[in-house]
Amino acid sequence: MLSIEGVSSGYGKILAVKDVNLLVEEGEIVVLLGANGAGKSTLLRTISGAMKPKSGSIIFKGQRIDGKKPHLIVKEGVVQVEEGRGILSRMSVKENLDMGAYLRSDKDGIMKDLERVFQKFPRLKERLNQNAGTLSGGEQQMLAIGRAMMANPKLLLMDEPSLGLSPNFVELIIRAIREFRDQDGYTILLVEQNAKKALDIADRGYILETGRIVLEGTAQDLLNNEELQRAYLGRDAKTRED
Amino acid sequence: MILFQQLINGLMLGATYSLVAIGYTLIFGVLGLLHFAHGEVLMAGAFMGLYIILWSGLPLYITLPLTMIATGILGLIVQFFAIRPIKKDYHLAPLLSTIGVTIILQHLAIKIFGGYGTRFPDAISTKIYKFGALTISSDSLLIFGIAVMLMLVLYFFIAKTKVGRAMRAVAESHLTAGFLGVNVDRIVLITFGVASALAGAAGVLVGIAFHTITPFMGLTFALKGLVVMLLGGLGNVVGAMIGGLILGLAEVSSVVLIPSEINLQDVFAFGIMILILIFKPEGLFGTRVSKR
Ligand SMILES: Nc1ncnc2c1ncn2[C@@H]1O[C@H](COP(=O)(O)OP(=O)(O)O)[C@@H](O)[C@H]1O
Ligand SMILES: [Mg+2]
């Protein structure tokens, strides 16, 4: 569904993503792991068209999308839940959800998707007319994800959706992501710090280190990989203790 | 009773400031750019209005929208050719470019209209209303009324329409707006068009109010608009609306309260600006500027 071939991308002269090859098949959850500053967000921003790749190509459903403007890529069905949530804090919850459906005009479909969002995150319905900036971190993440659902995505790019959330909210978000694949038919490329939890629901994974893919495999293989356990999964265990 | 007429004058003057400041603040909101040439767009609007009336004799209610369309297009041209192509990485470059546009527009105007004052035709027949001891001229009422109406329309546009919502999204974050499917470049362009149309309307209203227009009139209004934008809070549209009225009233009161041979109005206005910068840099109503 998404095929990234030899993509390099960066800021000014500095390359933050170097010659990356990555594949996401339809119906998969693919997780992208890596330390802070490894280039995960840069890669997602490049897929979404916020940055132009310096080289390589990005192909979605058989069509090249690299170099296209972000709104045209959204139109193709590639929707990103950005790092830090990207809530429009001066708008109400309802307006944020409406913005999710910005490119759509199918009123019935929009209404149906709004109901789906409320079903998944009932809390948003209670807060509908509240200013989005006043929501808690967890609620904002629900809003960011709900807003992405309103765009009727085919491929959902999620940049650290569980970052900074309490364990309950992390569970909720992780469950929502699994349901997206199993029930809603979304394909998902997920960036996560929470490696164990992400690999538990993922089909396959890639490890990014200073801009390069250094390891890839099925989620099961990665979970069992000793080196990885030391580097990422160990740290997870530690954060859960405190 | 003179005070009452002054109050109306203050509101009238203030409402034109509001129109200018709204444009400034809209553009500052979406681009973080001080659009220096905004005053010259007002000036261009005043001259366009003048010639539409002179040549065609069209009434104000047609002249005004025509002028707004013309200056709106001027705004699009300025954005497309003088601002969009400039890399945002160089902080001062867009600002310098708009200063360049200022000089170009001003000198074009001098070349075409001459560097002296031109009498603005009477777009409406002035009536003086008397309510007992109160006298109010229809000019000031009309100008105030038109300005308030334009502000209400703009408010509705920004609050309720899809494009207005997209403008607010772009003002919060270009990145997020793009990820939501907003064509950010187009929205920025539209913002320039809307802001410039309002400046054009302000130009015509200023022409009616002051009867004389010059190629240099832009600077005063640009600076007053700037004061109002700071007063209302950067990027805050409602703040700009209220801030304009406050400044207009303050200026007129200064004339009434401190009678003086020399005109202290501007001392007052820019004194206010410095005080705001020192004590309340976020403005009276809070800033709303994009985190790009
Ligand atoms: N806007 C930016 N300008 C310059 N360098 C950046 C910018 N954003 C990120 N970087 C750099 O690019 C590298 C990759 O960052 P990022 O993609 O955010 O990593 P990750 O999401 O994996 O934490 C880092 O070295 C970071 O400092
Ligand atoms: Mg990141």
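Pairs with C-alpha atoms separated by more than 21 Å, drawn from the list A:K61/B:K88; A:K52/B:K87; A:K13/A:K54; A:K18/A:K54; A:K107/B:K160; B:K87/B:K280, are A:K61/B:K88; B:K87/B:K280.
Based on Cβ point charges of +1 for Lys and Arg and -1 for Asp and Glu, what charge dipole magnitude is obtained for chain B about its Cα centre, in debye rounded to the nearest 20?
On the way: 17 positive and 10 negative charges, 157 e Å.
That gives chain B a dipole magnitude of about 760 debye.
What FRET efficiency comes out for A:D106 versus A:S57 if R0 is 30 angstrom and r is the Cβ-Cβ distance? Round to the nearest 0.05.
Step by step, r from the Cβ atoms, then E = 0.45.
Per residue, the convex hull around the alpha carbon atoms of region A:42-170 comes to 110 Å³. Please name whichever of B:Y61, B:A169, B:I136 sits farthest to the positive end of the charge dipole of region B:57-178, dipole taken about the Cα centre and charges placed at Cβ: Lys and Arg +1, Asp and Glu -1. Selected residue: B:A169.
Within 10 Å of each Cβ of B:179-191, how many other protein chain Cβ atoms are there on average? Display every interim value, and only then the final one.
On the way: counts 21, 18, 14, 6, 7, 4, 2, 2, 1, 0, 0, 0, 0.
Taking the mean over all residues of the peptide, I get 6.
Average partner chain C-beta neighbours within 10 Å, per residue of A:79-92?
Working: counts 3, 5, 1, 5, 1, 3, 1, 8, 3, 9, 3, 8, 4, 0.
Across the residues of A:79-92, the mean count of other-chain Cβ atoms within 10 Å is 4.
Okay, helix-only estimate at 222 nm for chain A: each DSSP H run of n ≥ 4 adds -39500 (n - 2.57), divide by all residues, round to 500 deg cm²/dmol; what do you get? All intermediate terms of the calculation are to be shown ahead of the outcome.
On the way: 10 runs with 89 residues, N = 242.
Value at 222 nm, helices only: -10500 deg cm²/dmol.
Between A:R230 and A:T210, full extension at 0.36 nm per residue minus the direct alpha carbon distance yields a gain of 5.4 nm.
Using the alpha carbons alone, the radius of gyration of the protein assembly as shown stands to its Kirkwood radius in an Rg to Rh ratio of 1.08.
For A:A16, the residues whose amide H sits under 5 Å from its own are A:S9, A:G10, A:Y11, ignoring neighbours fewer than 5 places away on the same chain, with H placed 1.01 Å from N. Per-residue mean of foreign Cβ neighbours for B:168-178 is 6 (Cβ atoms of other chains, 10 Å radius).
Calculated on the alpha-carbon coordinates, the convex hull of chain B measures out at 134 cubic angstrom per residue. Its alpha carbons give region B:62-197 an Rg and a Dmax of 19.7, 62 Å. For region B:62-71, the Karplus equation 6.51 cos²θ - 1.76 cosθ + 1.60, evaluated at θ = phi - 60°, returns couplings of 9, 4, 4, x, 4, 4, 4, 5, 5, 6 Hz by residue, with Gly and Pro reported as x.
Each value in this text was obtained by applying a stated rule to the coordinates, not by laboratory testing. Everything numeric in this text was worked out from a predicted model, so none of it was measured. No Cβ is skipped: glycine too gets one built from the backbone with ideal geometry, and neighbour counts run over all protein chains shown.
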